Amino acid sequence: MYGKELLNFVVGRDEVSSAVLETLDEKKKGNVFDWVNYILSSGVILQKDYVLKVSRLIKTIVLQESAIILGRGGNHILKGKPEGLRIKLTAPFDDRVSHISQIREMGLARAKELVLQNDHDRKEFIDNYFQGADKDLENFDLVFNTKSFSEKSICNITQFAMKEKGIN
């Protein structure tokens, strides 16, 4: 399973600080910000370069092994490849706020701010680098509303879909 590990790999390979890469991940930065940041901080990569590096890394990973790619536009990066299963998990806004409030032990107001910001950042990232492709559900093989399906049900349905597609 690969998610934040992609960041860590790029950090280790390019010797860029994790904090800098975290600011690039799923957050659109203006061209001026990128340019100034690049000029002022030697060794810092631009967000578009980060996306290219992560795209190459995802393609390499799936050629070498079976993998689960969490986010990072993986379903768009691997678009058109017959192997693999592209799954989107979603939940009602209020459920996501409640969940974040519980797992981060914070008030609902702060959790709501975090969920709104995260939704905004993801939308901008996808819009900027994948031309808003998340609006099209055709980019996914399965879409699950986690309020309607338990984790076990999602796993069972996913296993069935993989067998149907001939994925080991």
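The values are calculated or read from the model by the stated rules, or taken from the named source; none is laboratory data. Keep in mind that what you see is a predicted model, and the values were worked out from it rather than measured. A quick note on method: Cβ atoms are made from the backbone with ideal geometry, for glycine too, and the neighbour counts reach across all protein chains shown.
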State whether the residues of the range 116-128 include one that is of a type in the set (V, I, T) and either farther than 25 Å from K79 by Cα or more than 22 Å from the chain's Cα centre (by Cα) (or both).
-> no
Wholly within the range 60-168, which helices (runs of 4 or more DSSP H) include no fewer than the required count, namely at least 3 residues that are farther than 18 Å from Y2 by Cβ and modelled with pLDDT of 90 or more?
-> 93-103, 108-130, 151-165
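Which one of these is in contact (Cβ under 8 Å) with a residue 24 or more places away in the chain and under 13 Å from the mean Cα position of the chain (by Cα): I58, I154?
Working: I154 fails: under 13 Å from the mean Cα position of the chain (by Cα).
Checking each option against the conditions leaves just I58.
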Selected residue [touching a His at 6+ places or on another chain (Cβ under 9 Å), of a type in the set (A, V, I, L, M) and either surrounded by 12 or more Cβ atoms within 10 Å (Cβ to Cβ) or in the same structural domain as K152 (by TED's automatic domain parsing) (or both)] from A67, A91 | A91
